[in-house]
Amino acid sequence: MIYLYYLILSYNYLLLIYSISIGTIYLLLNILSFKRIIQYKRKMVYVDLKKIFKFQNFKSISIIVPAYNEENTIVDSIMSLLQLEYPDFQLVIVNDGSTDNTLEKIFNNFSIRQVSFTPFYKLQSKQIKTVYMSHEYPSLVVVDKINGGKADAINAGINIAKNPLITVIDADSILERDCLLKIVRPFMENENIIAVGGTIRVANGCKINHGNMVKIGLANSWLARFQTVEYLRAFLFGRNGFDVLNSVMIISGAFSCFSRDALISIGGYREGSIGEDMEIILRMHNIFRKEKPETKITFIPDPVCWTEVPEKLKVLRSQRIRWQKGTIDSLRLHMKLLFNPNYGALGMIGFPYYVLFEMIGPLIEIFGYFIFFFSFIFNVVSMSFAVAFLSTVILYGIVLSILSVILEELSFKKYPGIKDLFILFGAALLENFGYRQLITWWRFKATIDYISGNRGWGKMEKKGFSIHSEE
Amino acid sequence: MYADNIYHLIVLSILFLLSLSYLLIGFVVALRIINNFRAKQQKIFLNKWESLIFSFLENDELPEELVAKIPRRKYKYLLNYLREYLLTLGGKDFERLSSLINQTKLTDYLLKKLKSWNKSNITFASFFVGITGIDAAKPLLQKNIKSHNQQMFFSSAVALAKINSYDSLDLILHEFIKFNNLGDDYLLLILTEFHENICQEIINLLTVEISSSLATTFLRVLRYYKYQIAGPTVLKMLVYSHLTDVIIECLKFIEEIKYEKAAFAVSRLLDHKLPGIRIQAIKTISKLENKSFEAKIFTKLFETNYDVQYQAALAILNHFDDGEKELSDLAYSVDKGNSAAISRMLLSEKRVKEGK
């Protein structure tokens with residue numbers, strides 16, 4: 001019995017150390033990010049991007065948009081993408097065997113005609129049936145292929161893409177008009193860069209007209225507001241902080257840019273992958289940094305892609321379960337990076353962080369909450385321990401969420417109204433009472449599912465801007 | 001007891017961080033309120049003075065007469081208002097608006113700001129003295145450019161370039177090297193703020209030994225101004241350089257100014273070992289419209305590198321007299337592999353573009 005007592009007590013201590021560690025790591029990441037974002041902002045203030053691109057010193061981009069059953073939004077999305085500011089880009093829409101009228105909608109709106117095609121590269125993908133090109137917009141290419149999933153569709157797009165840089169975006173994402181000008185800058189400044197990610201923001205509550213952002217605002221639902229704060233925390237200081245350590249482990253699939261040669265040489269996206277966006281980044285680190293340690297995958301805080309987040313718990317739940325399984329799957333595939341000094345800070349800090357806090361973290365936390373609760377009831381831990389533990393879990397969380405909103409306000413100030421600012425601070429406070437714990441619970445369930453062999457990613461529910469669009 | 005002390009310390013530390021966060025909330029909210037107030041003041045200024053500024057543009061009112069009507073404390077709003085117009089207007093209107101700054105009390109106001117210790121004041125003032133060409137600001141800008149602050153350096157360098165202070169070129173280059181996080185594009189942005197005459201200085205610099213990145217930036221400046229006189233210097237660099245970036249930039253310059261005398265030197269690069277150089281050489285030589293190298297470009301269709309093949313096919317289609325026919329013959333011939341497939345693709349794309 002005494003052994004059990006000490007075991008439980010030790011677990012409580014470990015849990016406290018774990019909570020302090022994760023909070024402190026985030027605090028340090030916040031400080032690193034703050035410095036980086038301010039430097040980035042200062043650099044960008046006096047850069048006339050449009051003039052820089054007049055020097056004809058840019059690399060052309062192929063934007064690949066995998067589309068599956070997007071009939072409601074595809075026309076607006078294409079129109080919006082065609083209006084992006086960039087001197088030379090090709091837009092490749094990959095119709096991944098849609099069963100609705102996605103292809104017909106494109107046919108009817110963009111006067112596309114069949115062209116002869118030759119895949120530039122031979123990445124594995126399901127058969128391409130036809131390639132079309134628009135007479136009205138010659139930069140628009142439509143690939144019609146047999147359904148094979150997102151990774152497969154992207155690979156097919158890469159095979160057809162003509163330009164040295166590849167940007168992959170989701171069909172229902174909204175890009176800011178100058179985002180390509182910004183995301184390409186790192187490639188122009190540093191030839192060792194092979195991939196760049198951009199910030200994703202929550203579009204719920206924004207006014208969107210025909211695929212274009214008209215007015216930035218906050219959602220009415222608190223669930224979406226919590227996610228807004230969560231995205232700020234993840235993108236503004238999570239990824240920025242890891243970028244300082246050259247340890248970016250994930251670039252969002254909703255908006256990423258790659259060197260085509262790098263993608264080709266690693267064989268493109270992995271078919272059947274659950275978390276294809278993380279897996280490809282880890283594979284890039286794995287392959288390139290072993291050969292060439294100066295290779296860099298970076299993250300830019302500014303180029304903004306807006307995406308709609310779930311406002312229903314059921315949808316959010318399945319999204320988070322999918323993300324967690326994807327994270328575990330990707331990490332598991334590249335375990336050789338763990339504590340591998342050949343990969344620098346990525347092997348020694350970034351990867352271990354993800355394994356400890358993202359992969360097995362939910363298990364530690366959920367077991368921890370139960371054990372702490374019963375320990376407290378049965379007086380295994382003292383009142384002062386309980387206060388300290390709850391402070392690290394709740395109050396430290398509030399500090400970090402508030403800091404992410406402050407970082408946003410001191411840097412990009414995307415939300416114009418002072419009322420929005422107060423709402424964000426409110427969400428930063430409230431998300432620590434229930435929302436974060438709920439997310440951890442779902443991640444816990446996903447981890448258990450994954451361990452017990454249930455690795456499917458379930459049905460993905462479609463999002464769309466049409467409902468919220470301003471007509 | 002010892003453990004309790006540690007728990008208290010943890011709680012106190014977190015409470016301290018929490019209090020700090022709330023203080024920061026107060027700070028950012030105050031900042032937001034101040035910014036909103038300034039924006040409101042700017043709007044009030046606009047409502048009151050915009051019509052007067054527009055009528056100033058249309059009549060012969062003396063600039064000092066208009067500025068005299070505006071209280072000194074409103075100068076910042078006036079300058080903020082003028083900023084966008086100064087960036088977008090040209091010709092007579094630009095001269096008139098500039099006169100509001102460089103022929104009035106605003107000059108002294110800006111010079112005073114340039115002398116201040118406040119970095120944002122200096123950056124603010126540098127923009128206006130540069131764009132309106134206030135020569136008297138030169139010594140102050142040359143002093144400020146030596147700052148270790150990136151923003152002060154950049155704004156001072158741009159201002160010196162805008163007032164065409166050619167004698168500051170060495171100083172700008174020397175100071176630029178200090179900032180290793182500033183890419184070459186920033187130098188390019190500064191140098192292209194000079195008048196075209198800077199190109200002569202740059203040609204002189206290209207003849208001395210400089211780094212690859214500096215040489216590339218200089219070549220880009222020459223290309224930006226399409227500076228024909230630099231043709232022989234660039235050709236010499238093309239022939240003697242072994243640096244990939246420099247060779248590619250030389251080729252781009254030759255392409256931009258269509259320097260036909262370089263055709264032979266460019267043609268030799270069609271067989272360069274690096275595909276990037278071969279691709280650029282094809283682009284350049286096809287723009288020179290020199291028929292004697294068409295056969296050589298045609299052979300590039302049968303290379304092993306896909307990008308080179310594609311570029312060669314594009315050149316044939318867009319620049320050869322019988323390019324379309326030549327590609328058609330190839331497209332439907334047998335056993336031509338990639339070259340036939342690329343030809344078919346380009347021809348079908350051309351037909352779609354032409355609406356056929």
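The values are calculated or read from the model by the stated rules, or taken from the named source; none is laboratory data. Everything numeric here is computed off the predicted structure, so don't read it as measured data. Note that each Cβ is placed from the backbone with ideal geometry, even for glycine, and that neighbours are counted across all protein chains shown.
Taking B:E61 as the residue in question, decide whether it is outside any helix (DSSP H, G or I) and away from every other protein chain (no Cβ under 14 Å).
So B:E61 fits the description; yes.
Just a yes or no: is a residue in the range B:302-325 within 11 Å of chain A (Cβ to nearest Cβ) and touching a Lys or Arg at 6+ places or on another chain (Cβ under 6 Å)?
no
This table checks each residue for (1) more than 8 Å from chain A (Cβ to nearest Cβ); (2) modelled with pLDDT of 95 or more.
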site	(1), (2)
B:M1	yes, no
B:D4	no, no
B:H8	no, no
B:L23	yes, yes
B:G26	yes, yes
B:N36	no, no
B:Q41	yes, no
B:F45	yes, no
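Give the residues of the range A:416-442 that are buried (at least 22 other Cβ atoms within 10 Å of the Cβ) and among the hydroxyl-bearing types (S, T, Y), sorted by residue number.
Of everything in the range A:416-442, nothing turns out to be buried (at least 22 other Cβ atoms within 10 Å of the Cβ) and among the hydroxyl-bearing types (S, T, Y).
Here are some conditions: (1) under 30 Å from B:L219 (Cβ atoms); (2) touching a strand residue (DSSP E or B) at 6+ places or on another chain (Cβ under 9 Å); (3) part of a helix (DSSP H, G or I). A:S62 meets all but one. Which one does it not meet?
It is condition (3) that A:S62 fails.
With respect to B:N197, is the statement that it is within 12 Å of chain A (Cβ to nearest Cβ) and surrounded by fewer than 21 Cβ atoms within 10 Å (Cβ to Cβ) true?
Here the answer is no, as B:N197 does not meet what is asked.
For (1) touching a residue at least 60 places away in the same chain (Cβ under 8 Å); (2) on the phi > 0 side of the Ramachandran plot, each residue gets a yes or a no:
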{"residue": "A:L103", "(1), (2)": "no, no"}
{"residue": "A:S111", "(1), (2)": "no, yes"}
{"residue": "A:K122", "(1), (2)": "no, no"}
{"residue": "A:K129", "(1), (2)": "no, no"}
{"residue": "A:L140", "(1), (2)": "yes, no"}
{"residue": "A:G148", "(1), (2)": "yes, no"}
{"residue": "A:N155", "(1), (2)": "yes, no"}
{"residue": "A:I169", "(1), (2)": "yes, no"}
{"residue": "A:D172", "(1), (2)": "yes, no"}
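What are the pairs, 6+ residues apart or on separate chains, where a residue within the range B:212-239 that is more than 15 Å from B:L173 (Cα to Cα) has its Cβ under 9 Å from a residue that is of a type in the set (A, V, I, L, M, F, W, C) and outside any helix (DSSP H, G or I)?
Once the first residue is more than 15 Å from B:L173 (Cα to Cα) and sits in the range B:212-239, its partners that are of a type in the set (A, V, I, L, M, F, W, C) and outside any helix (DSSP H, G or I) give B:R220/A:F55; B:R223/A:F55; B:Y224/A:F55.
Mind checking which residues of the range A:85-111 are out of contact with any helix residue (DSSP H, G or I) (no Cβ under 7 Å at 6 or more places or on another chain), among the acidic types (D, E), part of a loop (DSSP other than H, G, I, E, B) and away from chain B (no Cβ under 14 Å)?
A:D100
Since B:S120 meets every condition but one in (1) assigned to a helix (DSSP H, G or I); (2) in contact with a helix residue (DSSP H, G or I) (Cβ under 7 Å, 6 or more places away or on another chain); (3) surrounded by fewer than 23 Cβ atoms within 10 Å (Cβ to Cβ); (4) small (G, A, S), which condition does it not meet?
Every listed condition holds for B:S120 apart from (2).
Working carefully through the options A:N192, A:N159, find the one that is within 20 Å of A:V248 (Cα to Cα), within 14 Å of chain B (Cβ to nearest Cβ) and more than 19 Å from the chain's Cα centre (by Cα).
A:N192
From the list A:S404, A:S391, exactly one residue is buried (at least 18 other Cβ atoms within 10 Å of the Cβ), small (G, A, S) and facing chain B (nearest Cβ under 9 Å). Which is it? Talk me through it step by step, then tell me what you get.
Working: A:S404 fails: facing chain B (nearest Cβ under 9 Å).
Residue meeting the stated conditions: A:S391.
Please go through the range A:378-405 and give me each residue that is in contact with a Phe, Trp or Tyr (Cβ under 8 Å, 6 or more places away or on another chain), aliphatic (A, V, I, L, M) and free of Cβ contacts under 8 Å to residues at least 12 places away in the same chain, ordered by number.
A:V387
Since B:S13 meets every condition but one in (1) out of contact with any helix residue (DSSP H, G or I) (no Cβ under 7 Å at 6 or more places or on another chain); (2) away from chain A (no Cβ under 11 Å); (3) surrounded by 14 or more Cβ atoms within 10 Å (Cβ to Cβ), which condition does it not meet?
Only one criterion is unmet by B:S13, namely (2).
Of A:F374, A:F385, A:F422, which residue is more than 30 Å from the chain's Cα centre (by Cα), aromatic (F, W, Y) and either within 11 Å of another protein chain (Cβ to nearest Cβ) or under 29 Å from B:L24 (Cβ atoms) (or both)?
A:F385
I need the full set of residues from the range A:278-332 which are part of a strand (DSSP E or B) and either of a type in the set (V, I, T) or free of Cβ contacts under 8 Å to residues at least 60 places away in the same chain (or both), in order please.
Hits for the range A:278-332 are A:I297, A:T298, A:I300, A:V304, A:T307.
Can you go through B:F27, B:F54 and tell me which one is over 30 Å from A:L14 (Cα atoms), exposed (fewer than 11 other Cβ atoms within 10 Å of the Cβ) and aromatic (F, W, Y)?
Values: B:F27 fails: exposed (fewer than 11 other Cβ atoms within 10 Å of the Cβ).
Within the list B:F27, B:F54, the selection yields B:F54.
Only one residue in A:K419, A:K413 is basic (K, R) and part of a helix (DSSP H, G or I), so which one is that?
Criteria check complete, one pass: A:K419.
Given (1) surrounded by fewer than 21 Cβ atoms within 10 Å (Cβ to Cβ); (2) touching a helix residue (DSSP H, G or I) at 6+ places or on another chain (Cβ under 6 Å); (3) among the hydroxyl-bearing types (S, T, Y), where does A:S318 come up short, assuming only one miss?
(2)
Which residues, counting only those in the range A:112-126, are more than 7 Å from chain B (Cβ to nearest Cβ) and either under 14 Å from A:A153 (Cα atoms) or assigned to a loop (DSSP other than H, G, I, E, B) (or both)?
Filtering the range A:112-126 for residues more than 7 Å from chain B (Cβ to nearest Cβ) gives A:112, A:114, A:119, A:121-126.
Result: A:P119, A:Y121, A:K122, A:L123, A:Q124, A:S125, A:K126.
Would you pick out the residues in the range A:48-59 that are out of contact with any strand residue (DSSP E or B) (no Cβ under 8 Å at 6 or more places or on another chain), more than 7 Å from chain B (Cβ to nearest Cβ) and touching a residue at least 40 places away in the same chain (Cβ under 8 Å)?
A:L49, A:K50, A:F53, A:F58
Tell me, which strands (runs of 3 or more DSSP E) lie completely within the range A:154-228 with 2 or more residues that are surrounded by 24 or more Cβ atoms within 10 Å (Cβ to Cβ)? Show your work before the answer.
Numbers: elements: A:165-169, A:193-202, A:207-209, A:212-215.
Where strands (runs of 3 or more DSSP E) fall fully within the range A:154-228 and carry at least 2 residues being surrounded by 24 or more Cβ atoms within 10 Å (Cβ to Cβ), they are A:165-169, A:193-202.
Has the range B:143-150 got any residue that is buried (at least 17 other Cβ atoms within 10 Å of the Cβ), among the polar types (S, T, N, Q), assigned to a helix (DSSP H, G or I) and within 12 Å of chain A (Cβ to nearest Cβ)?
Checked against the condition, which is being buried (at least 17 other Cβ atoms within 10 Å of the Cβ), among the polar types (S, T, N, Q), assigned to a helix (DSSP H, G or I) and within 12 Å of chain A (Cβ to nearest Cβ), the range B:143-150 yields at least one hit.
Could you tell me whether B:K76 is of a type in the set (K, R), under 26 Å from B:I172 (Cβ atoms) and more than 26 Å from the chain's Cα centre (by Cα)?
No, not satisfied.
Please list, ordered by first then second residue, the pairs with beta carbon atoms under 7 Å, 6 or more apart or interchain, first in the range B:269-291 and β-branched (V, I, T), second at pLDDT below 95 and not in a helix (DSSP H, G or I).
That search, which allows pairs on different chains as well, returns nothing.
Tell me whether the range B:80-90 contains one or more residues that are among the hydroxyl-bearing types (S, T, Y) and either facing chain A (nearest Cβ under 10 Å) or surrounded by fewer than 13 Cβ atoms within 10 Å (Cβ to Cβ) (or both). So that I can check it myself, show each step before the final result.
First pass over the range B:80-90, keeping only residues among the hydroxyl-bearing types (S, T, Y): B:81, B:85, B:88.
With the extra rule that they be either facing chain A (nearest Cβ under 10 Å) or surrounded by fewer than 13 Cβ atoms within 10 Å (Cβ to Cβ) (or both), the set shrinks to B:88.
Yes.
Looking only at the range B:294-309, count every residue that is under 34 Å from the mean Cα position of the chain (by Cα) and surrounded by fewer than 19 Cβ atoms within 10 Å (Cβ to Cβ) and tell me the total.
Of the residues in the range B:294-309, 3 are under 34 Å from the mean Cα position of the chain (by Cα) and surrounded by fewer than 19 Cβ atoms within 10 Å (Cβ to Cβ).
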